[in-house]
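The values are calculated or read from the model by the stated rules, or taken from the named source; none is laboratory data. This one's a predicted model, so the numbers in the text were calculated from it and none came from an experiment. Positions of Cβ are generated from backbone atoms using ideal geometry, with glycine treated the same way; all protein chains shown enter the neighbour counts.
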């Protein structure tokens, strides 16, 4: 074996051991928790936000739309477009979890990313209670705090 071939083989082996810094991790270090609700108004606000999210972010129209399940159509062709399923699941403590699943009919990639879309869905739906004045759960502010001081009246 010539020196040139030996040096080339060693260079290939060393290059194979090198790592490339990952620019964007595949999974977040702290996943966004699944949104939950307990009171009827809180559940209605979050379910409405879930439905709105599917209408604007899923690649296909909603096929099943009920009080505890949302599901988009299933495309027959291979596609990178997102399909979605959302369900309202009763938890042992009496609350409900609004569980979403996003995927596509493509083994290599979805566009946008199913994982990032799920994270955004969870943040958006959890924040719906705050936007609707849903109370103190999930980091929501009270209605009193959300009204500017000048509009609160004499006791605020």
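If only one of 119, 44 is out of contact with any strand residue (DSSP E or B) (no Cβ under 7 Å at 6 or more places or on another chain), free of Cβ contacts under 8 Å to residues at least 60 places away in the same chain and assigned to a helix (DSSP H, G or I), which one is it? Answer to the check: 44.
Condition check ((1) part of a strand (DSSP E or B); (2) buried (at least 19 other Cβ atoms within 10 Å of the Cβ); (3) modelled with pLDDT of 95 or more; (4) in contact with a helix residue (DSSP H, G or I) (Cβ under 6 Å, 6 or more places away or on another chain)) across all residues:
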| residue | (1), (2), (3), (4) |
| --- | --- |
| 75 | no, no, no, no |
| 80 | yes, no, no, no |
| 86 | yes, yes, yes, yes |
| 93 | no, no, yes, no |
| 100 | yes, yes, yes, yes |
| 108 | no, no, no, no |
| 123 | no, no, yes, no |
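When the stretch 56-69 is limited to residues that are more than 14 Å from residue 103 (Cα to Cα) and in contact with a strand residue (DSSP E or B) (Cβ under 7 Å, 6 or more places away or on another chain), the one that is surrounded by the most Cβ atoms within 10 Å (Cβ to Cβ) turns out to be 62. Determine whether residue 129 is modelled with pLDDT under 95, under 19 Å from the mean Cα position of the chain (by Cα) and assigned to a helix (DSSP H, G or I). Answer is yes for this residue.
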